[in-house]
Amino acid sequence: MARPLLTAPGTPPPRGVGILVWTAMVAFLLLFLAVVLAVEPPADDLRAPRQLLFGLALVTSAAGIALSRLVPPRIAARHTGGRPANALVRSLVGWAACEAVALYPLVAHVLVHDHRLLGVFAVDVVALVTLFPSRNAWAQLAADRAGAGAGGAVR
């Protein structure tokens, strides 16, 4: 099989790197979930802002998932470091948004042990999983004008 252009001998192609990074991000969240579930639940504290933490988890989750879909295609190719990096940079932005918002409900769960937060976490993980760098998704994000029709580039 021919090696993709612009890839140095002995280095994985950008999509291969993307798959490794995406896998590590998903695995990290699952490992962090295991740690959170192993933590002893706190004693019920009536002062704990259970509803506030849950509401914030919902809002940040929705915002992060929306940003993970809207921002990456709008990042201008000139800001990614060149064509081979277009898809990787754009993907990283989307993955980071999903992972960042997935951590919040886990930390909040440690504080108030509200199982609804695990549901929010699950939605965030599913959002990250659906951003798997498939060949089609990678090709779309690699295009020089990935977001030309989406209202311009992010500056």
- Message: What's the number of the only condition in (1) under 20 Å from the mean Cα position of the chain (by Cα); (2) surrounded by fewer than 20 Cβ atoms within 10 Å (Cβ to Cβ); (3) under 18 Å from ALA34 (Cα atoms) that ALA76 fails to meet?
- Response: (3)
- Would you be able to say whether some residue in the range 61-69 is at pLDDT 95 or above, surrounded by fewer than 16 Cβ atoms within 10 Å (Cβ to Cβ) and closer than 25 Å to ALA139 by Cβ? yes
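The values are calculated or read from the model by the stated rules, or taken from the named source; none is laboratory data. A quick note: this is a predicted structure, and the numbers were derived from the prediction, not measured. Ideal geometry is used to build each Cβ from the backbone, glycine not excepted, and the neighbour counts take in all protein chains shown.
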